[in-house]
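Step one of this worksheet: look at the structure below.
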Amino acid sequence: MKRILLFATAMLMSVMVMADELNPVPHQEAVVRVGKARFTVLTPEMIRIQYSDVEQFEDRATFAVVNRRLPVPRFKQERKGGYLFIKTDALTLRYKLGGRIDATPNDEVLRITLRLNGRDVVWYPGKDDAMNLRGTTRTLDGQLGDNKRSEMEKGLLSRAGWSIVDESPLTKRGDGSTTFVFDGEQDGIPWVAEPVDKQAIDWYFMGYGHDYKKALGDFAKVGGRQPMPPLYVLGYWYSKYQRYTSDEFMEIVNDVKRNQIPMDVMIFDMDWHTQGWTGWTWDRTAIPDPEGLIDWMHKKGLKVSLNLHPADGVDDDEDYFAAVRDDMGMGADTKVVPWNLSDGRFYHTMFNRIIRARERQGVDFWWLDWQQNLTSKYVEGLGETFWCNHVFYNDMRLNRNDRRPLIFHRWGGLGSHRYPIGFSGDSFTTWNTLAWQPYFTATSSNVLFGYWGHDLGGHQQKGDNDGEIYLRWMQFGVFTPIFRTHATNWPGIERRIWKYDNFPLLLETVRLRYALMPYIYTACREAYDTGVSLCRPLYYEWPEENKAYTCEGEYMFGNDILVAPVVAPVGADGKTEQAVWLPEGKWFDVCRNCLRDGETTFTDAYALNEIPYFYRAGTVIVNNPPMMNLSERPDRLIVKVVPGADGETTLYEDDGDSEGYKQGLYTTTRMVHQGGELTICPREGAFSGMPVQRAYTVEFLSTERPSAVTINGEPVGNGAWTYDEGTRKVTVYVGATACEVAVQVGLKY
């Protein structure tokens, strides 16, 4: 109940918060200046610490922090015995007046104290955050097993109870780049600028103890929200690095339709263009009519994305080369216009001449596959990955405002969450590689990077196609942010699921993904409102349980589903034995159709058609009926009522692909399960295209046969409900009902 109320409150507050979201100048009442040091109290648990030998303090937005204009929290300041003290409801900061702040370990000049589990915890500059829970890394290129673990950057959360966001201009990010500030605009996009004092210290101390969700929510207030991706992005993508012709692309789609496979996105990998690594001109020997092919894809209900490796610039045999060259003021003997996205003039001509031309041909979004030099040749320390993400995303936001902005890209450091979604890179197809990806995906939420998309099946594969590992990867993929198959162009690698002997099981994963979409999309809205991502570690909910940290293969998928995917091959009996830890409370085992007690570890054996996932007792899980494409808006929903407790959920809906959700154009439908009765409350809110009425199939899971079933208080006959003795499931059919009218379904015993 508390979770639902918090979610609803967050949604109601969201429009008001948006007004101040990009104001980097704090209220002056929150700022304490003492000589070369300056402190800004942002929340009771978050204090900005600045030090400048030249007394130049940065007030512009930086790459990670774009908003500092928060309500001023209650705090006291006093100077006593040569020290400045700042006391909030959560922290006590002590600074030695005149002391120099730097990263040298020193608890005399500066220290902050907080309480954690009844004891004092002290931080000081230079203290090692050995208990940091990590965030993510730029790419999984070359991932084999967990060899990328050491590359994961520090995140916002730590078992120590504190963490530091270091926006000092000289501090290196994970890719070797540094942060910069935004100042001025280029064609409406906030543009890169040098910091006012490059030698300055600029830290954000976060002392949230183990209240991890609050820490993430407060960072979203200063670092920006996770925008909602379009609904179609959450569906199934077909992708493979291969030189497909138009006929082959169409054959794939026709096979998909023939095999009744739901799908929403088709990727054109780099061979859509001429040249080699970098290219901007259609290879018309493979795709003679790009506009016609993309239009055909759209008519089949698919969105199209093109892969870019832009680092080599624009060669003289590319479309629009002469126009780009002339716009840049280069001579007639120029052979290459180099890639320099930090140059506003280059951005303007590159996008207006080339990117717009491809978008007019129907390209829906770009796969920005930056793999070359990590930092700019032109601006020392500027990360190419982050800057490309920032510019491409904001260009779409400003110039294609009929849809949600979207790019597909690698992580570029803290602040990248503002530019969804992520492409994790080129992993190897091994069991150990798969086994580490649940941990990696969930842990990335510690830096709000909640929309990683992996190469389901692995990218680089040695040996024959293995239907078993592909199936287990797809089963894991059901419970990840982005559901996309992919692989490299090595001979023999197959990603068309209908080519595998176990196709029926592979198809079931796709259908399960689409069934879960109402639940998934609601969780995406929650990520926007609260900063808590769709996939998240168990320790968000159970921070004092050691197993919540050590059971790395398990994670929460939204608020009410715990997932423990199978990541090892079957044994001689055709099953994989696996241990699962369940936290406190009761959990509904979907595989076994029964309730299990929490605070326990059990071992079970899972056949190839089984995925270990568990519903929180008492919750309500909303599913779609069978569907082929997310552009469909079903006129019937399947509502699963989970036994074991009373509970509720809130279904979130919007138009799926506009920015209207930021201005309150959405609906919520509360569903309450209490005492054997489900109440679907009247829908609240509005958006264009919302359904007028709906039918419901209500499934009461694992219960006894009732003596009677009521709909809106009236008994209904057996034709309106059924009972399955094998699964012990009561299914009640509610006819089309106006969405603004409450529906009550009850069981009598």
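The values are calculated or read from the model by the stated rules, or taken from the named source; none is laboratory data. Please read all numbers here as calculations on a predicted model, not as lab measurements. Cβ atoms come from the backbone with ideal geometry, glycine included; neighbour counts cover every protein chain shown. Surface areas here come from the heavy atoms of the whole protein model, side chains and all, with no ligands, DNA or RNA. Shrake-Rupley method; radii C 1.70, N 1.55, O 1.52, S 1.80 Å.
Some points to look at:
- Whenever a residue of region 539-561 is surrounded by fewer than 16 Cβ atoms within 10 Å (Cβ to Cβ), its partners that are not in a helix (DSSP H, G or I), lying with C-beta atoms within less than 6 angstrom and at least six residues away or across chains, give the pairs K547/W581.
- Residues being assigned to a loop (DSSP other than H, G, I, E, B), in contact with a helix residue (DSSP H, G or I) (Cβ under 9 Å, 6 or more places away or on another chain) and of a type in the set (S, T, Y) - total across region 24-82: 0
- Look at region 64-76: where a residue is in contact (Cβ under 8 Å) with a residue 60 or more places away in the chain and a partner is among the small types (G, A, S) and crowded, with 20+ Cβ neighbours inside 10 Å, sitting 6+ places away or on another chain with Cβ atoms under 6 Å, you get A64/G223; A64/G415; V65/G223; V66/G224.
- Selection status of W191, within 19 Å of G531 (Cα to Cα), open to solvent by less than 50 Å² (accessible area, probe 1.4 Å) and not charged (D, E, K, R): no
- All positions within region 201-213 that are part of a strand (DSSP E or B) and of a type in the set (F, W, Y): W203, Y204, F205
Conditions (1) more than 22 Å from I112 (Cα to Cα); (2) of a type outside the set (G, A, S); (3) at pLDDT 95 or above; (4) open to solvent by less than 40 Å² (accessible area, probe 1.4 Å), marked per residue:
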{"position": "R33", "(1), (2), (3), (4)": "no, yes, yes, no"}
{"position": "L42", "(1), (2), (3), (4)": "no, yes, yes, yes"}
{"position": "E45", "(1), (2), (3), (4)": "no, yes, yes, yes"}
{"position": "S52", "(1), (2), (3), (4)": "no, no, yes, yes"}
{"position": "F57", "(1), (2), (3), (4)": "no, yes, yes, yes"}
{"position": "T62", "(1), (2), (3), (4)": "yes, yes, yes, yes"}
{"position": "R69", "(1), (2), (3), (4)": "yes, yes, yes, no"}
{"position": "K80", "(1), (2), (3), (4)": "no, yes, yes, no"}
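- Scan of region 228-259 for residues that are open to solvent by 10 Å² or more (accessible area, probe 1.4 Å) and either acidic (D, E) or in a loop (DSSP other than H, G, I, E, B) (or both), ordered by number: Y241, Q242, R243, Y244, T245, D247, E248, E251, D255, N259
- Checking G362, G415 one by one, the residue that is more than 17 Å from G313 (Cα to Cα), open to solvent by less than 10 Å² (accessible area, probe 1.4 Å) and not aromatic (F, W, Y) is G415 and no other.
- Residue ID - surrounded by the fewest Cβ atoms within 10 Å (Cβ to Cβ), chosen from residues in region 291-342 that are outside any loop (DSSP other than H, G, I, E, B) and among the β-branched types (V, I, T): V336
- Total residues in region 614-631, condition crowded, with 22+ Cβ neighbours inside 10 Å, of a type in the set (A, V, I, L, M, F, W, C), within 24 Å of L678 (Cβ to Cβ) and out of contact with any Ser or Thr (no Cβ under 9 Å at 6 or more places or on another chain): 1
- For region 374-412, the candidate set comprises residues that are charged (D, E, K, R) and open to solvent by less than 30 Å² (accessible area, probe 1.4 Å); within that set, the residue that is nearest to the chain's Cα centre (by Cα) is R410.
- Restricting D107, D141 to those that are open to solvent by 40 Å² or more (accessible area, probe 1.4 Å) and either assigned to a strand (DSSP E or B) or farther than 19 Å from R48 by Cα (or both) reduces the list to D141.
- Hey, W296 in contact with a helix residue (DSSP H, G or I) (Cβ under 6 Å, 6 or more places away or on another chain) and not β-branched (V, I, T) or not: no
- Any hit, region 445-461, residues being part of a strand (DSSP E or B), aliphatic (A, V, I, L, M) and touching a residue at least 12 places away in the same chain (Cβ under 8 Å): yes
- Residue count for region 423-463, restricted to those that are within 28 Å of Y232 (Cβ to Cβ) and of a type in the set (D, E, K, R): 2.
- Considering (1) modelled with pLDDT under 95; (2) out of contact with any Gly (no Cβ under 8 Å at 6 or more places or on another chain); (3) at negative phi, the lone condition that G463 does not fulfil carries the number (3).
- Within region 480-532, the residues that satisfy the criterion of being among the aliphatic types (A, V, I, L, M), part of a helix (DSSP H, G or I) and out of contact with any helix residue (DSSP H, G or I) (no Cβ under 9 Å at 6 or more places or on another chain) are A515, A523.
- If you go through region 110-128 and keep only what is among the polar types (S, T, N, Q) and either touching a helix residue (DSSP H, G or I) at 6+ places or on another chain (Cβ under 6 Å) or assigned to a strand (DSSP E or B) (or both), you end up with just T113.
- Residues that are under 22 Å from L512 (Cα atoms), open to solvent by 40 Å² or more (accessible area, probe 1.4 Å), not in a loop (DSSP other than H, G, I, E, B) and not basic (K, R), drawn from region 566-613: C594, L595
- Any hit, region 381-401, residues being modelled with pLDDT under 95 and assigned to a loop (DSSP other than H, G, I, E, B): yes
- Hits in region 661-716 (condition: free of Cβ contacts under 8 Å to residues at least 40 places away in the same chain, more than 28 Å from M228 (Cα to Cα) and of a type outside the set (V, I, T)): Q674, G675, R705, N712, G713, E714, P715
- Residue satisfying condition, being among the charged types (D, E, K, R), within 23 Å of T441 (Cβ to Cβ) and out of contact with any strand residue (DSSP E or B) (no Cβ under 7 Å at 6 or more places or on another chain), within set E544, E610, E584, E554: E610
- Scanning region 183-200 for residues that are over 26 Å from the mean Cα position of the chain (by Cα), more than 19 Å from T171 (Cβ to Cβ) and not in a loop (DSSP other than H, G, I, E, B) gives D183, G184, E185, Q186.
- Options R683, R670, R728; residue that is of a type in the set (D, E, K, R), over 21 Å from A617 (Cβ atoms) and in contact with a Ser or Thr (Cβ under 8 Å, 6 or more places away or on another chain): R683
- Boolean, V122 is among the β-branched types (V, I, T) and touching a residue at least 24 places away in the same chain (Cβ under 8 Å): no
- Region 575-603 residues that are among the β-branched types (V, I, T), paired with ones that are in a strand (DSSP E or B) and open to solvent by 50 Å² or more (accessible area, probe 1.4 Å) (beta carbon under 6 Å, 6 or more apart): T601/A579; T603/A579
- Region 632-675: number of residues that are farther than 26 Å from K303 by Cβ, touching a strand residue (DSSP E or B) at 6+ places or on another chain (Cβ under 7 Å) and open to solvent by 40 Å² or more (accessible area, probe 1.4 Å): 4
- Candidates are the residues of region 676-688 that are farther than 15 Å from A742 by Cα and at pLDDT 95 or above; the one that is surrounded by the most Cβ atoms within 10 Å (Cβ to Cβ) is F687.
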